[in-house]
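None of the figures in this text is laboratory data; all of them are computed from the coordinates on show. These numbers come from a predicted model, not from an experiment. Glycine also receives a Cβ, built like all others from the backbone with ideal geometry; neighbour counts cover every protein chain displayed.
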Amino acid sequence: MIPNIRSLRLLMFCLITLNSLEWTASFPLDLDNNLTLKSATLSQKATRVRRSLLEFDAKAGHANKQLADIFHAINDISSLRAGLVCNLCIVVDQEFVDAYKLKESTQVIIFFRKIIDRISWVFRNIDWNGDGRPDNIGFEIISLVKGWTPYTAEYSGSYSKPKPAMELLGLFAQHNFHHCCLGVGFTNRPFAHNQVGVSFIASEDLLGGICDFRNPTLPLHSANVALISAMGLKGVQLSERDLGNVLIHELGHCFGVLKHDMDLEPKCSGFDTNKPIPADYISDHNEPPQGRFIMWGQDIQGTKTSKPNNLNFSPCSKAVVQKVLYSGTVRGKCLTPGENEIPYCGNGIVELPEECDCGNELKCLQDSCCGPRGSSDPCQLYKGIDPLKCSVLNQRLLSTPGPRSNKTKSGGNMTPFISACLSNAQKFAPYYDTFLRDRSDLEEIARLTGQHSYHLAFALGGIEGCKPKWGAEFDIDDPVVMNPIRAVQAMGGEMIVATGGALGPYLEHLCGTAAELAEAYKIVLDTVGTNHLDVDVEAPVNLDIMNQALRMVQQERPNTTVSFTLMIQGEDYGLTPALGVDVLNHAVRTGVRVDTVNAMTMEFGCITADFGVCIINTANAVLGQMKSIWPEKSDTELKSMLGITPMIGRNFNGNTFQLANARTVVDWAKANSIGLLAFWSIERDSPGCINTVSPYCSGVAQERFDFTRIFFRVNGAVN
């Protein structure tokens, strides 16, 4: 059963009944002519970068005249305002991955990057408020979870009896997308009545659409969601371009468009309003010369050719979206702001004097050519990179990975040691992000701060499946990663291996049996030389496989400690049900000894204005949940099992964890003998990117390692 949606006054919309799937035509692109249109305004290097982008698009068959026009409009820097970004959390089920033959995680990322990049170019060129300038509002992927079918149990059986799209959206909405502008799900399961899309609609008055972080006490957890089916009429699978067109339409609803253009006045039909509009303007046989707009309605996918209006919004749609974006309501407030000046490094647009722009945090982590915002050379090509051979915006994942940091000191042939448990005096272990290409030397960090214990994030699967790799890329025994870790261990440091995380691909997804997963866990533990394992659950996993694997490891190695890092639903609620409490209950039933419940106190809604007090209230709520799971334990014992892990500085959802909040949390943790404190991440404990979310800095005013000095006090030191 799903909640009564009407009683919650939620607006839902089922998108399209497919009549045909013929809107797949692309236009040839004259590279030489188009590149000269704006060349006078571009530096030589920037022109070379743009040429490489267009050449790649032409070869891939994804360039057409409409997108080329948008590309050049964006390059007109004099008319462009600073960019805003709607951060997307994409969830794709295994059936979708199989249908599009996306065998490797990298293929999944590339597939969706193509779609979202195309959509972003379209939206960035829209003038929503009618001032004659593009509003430059685009989209970026901040998380991509593969292999999750959120309604498997509810939606089992034959394709011949598809479920209503609204019912499935209600199930999908139970996932926590509070840290996203929008959560978008893709499935290969058909919806009833040949519909291929459904979403909540933004409104000035009602709940739903972009940035709508629902009150966690309501039955539906997230209202900022859309769900797309790849199965069209008669079981025909949508092309990649058709998927993008469906998503563009659904995003229009998420931005506030309630009614289709075909249900509105004639001026929204696409006909020239300076001329008489035919009485039968709605008829399929009387299409305007410029084509129908994106939000026309049922036959949007039946367009025979790609015409100018097909990638534009009608005046009616723009008027509604303008109210949502600029009326001062909650809508639009989660959009990542750009700077007041142009250019803005980090918006994914190459603007003078930039040489490149790899976009948001997720894209820059995968980039092999371009320095990210917050680095020593932001939006500049890495030294030795030939821009003609590097498509820095669209296809960085196809390029050869860039050089790794050469800062690492050789640790020699150190023998890893095994520690039984974290010392009682060592209660602070921040996360160290092994995935960053320009990561700092962990040995240097330890010497500067005196902090010797860390969570190593993340041991993941990769293109080789259930073979553990750091960040899904580096071999688990890669000396570039491991030498500084071993050097810190030689100082007396203790390491906690973390699996899972926000991005994946999870070992817990790629290992097909509990025995395989247990073996993967042991490989990582042995390589690092530790008995501490942290499972960060931010996506649904097979609990039987995961917890049986953990039990196997503990049975073979009784000193192995297990912590679960789990998401928060709300200040007065505590852990999320499915990805929190259920995980712990299942672990207990399976026989796993849970040593630490690490509350991920980030990216959630607070009732209390003071973020530090909010986190304390949340911790108390989690303790209440733990009491129901382990009623035999005393309050003191439960507090010793509790971990608290905020994201220091600016969070993706707009919350900001300041230095003062850190002092509040640490003081409370010391007074209550809380078992573990951590934060995400040690790399971010640096200044340099005020009001920005970056993997390299906190986004708040601070000196380097200020947060570490405060948290270090929980160990008994005074800083």
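Between the alpha-carbon centres of the range 511-587 and the range 231-262 there is a gap of 38 Å. Computed over the range 612-681, the P(r) curve from all C-alpha pair distances, binned at 10 Å from the origin, holds 20, 51, 24, 5 percent per bin. Ordering 506-516, 661-671 by mean Cβ neighbour count within 10 Å, with the highest value first, yields 506-516, 661-671. Quick one: if the Förster radius is 25 Å, what FRET efficiency do D526 and E464 give, using the C-beta to C-beta distance and rounding to 0.05? Efficiency at R0 = 25 Å is approximately 0.85. Each peptide in 607-614, 560-567 gets a packing score, the mean of other Cβ atoms within 10 Å over its residues, and the list from highest to lowest is 560-567, 607-614.
Extension gain for the segment D477 to V588, taken as residue separation times 0.36 nm less the Cα-Cα distance, is 36.8 nm to one decimal.
Do you know the relative contact order of the range 431-715, to the nearest whole percent, from alpha carbon pairs under 8 angstrom that are 6+ apart? Don't skip to the answer; put the middle values down first.
Working: 575 pairs, mean separation 39.3, N = 285.
Result for the range 431-715 is 14 percent.
Students often get this wrong, so check it: of K161/K323; K103/K522; K161/K259, which have C-alpha atoms separated by over 30 Å?
Pairs exceeding 30 Å: K161/K323.
In the range 431-715, one over the average inverse separation of all distinct C-alpha pairs is 19.0 Å, which is the Kirkwood hydrodynamic radius.
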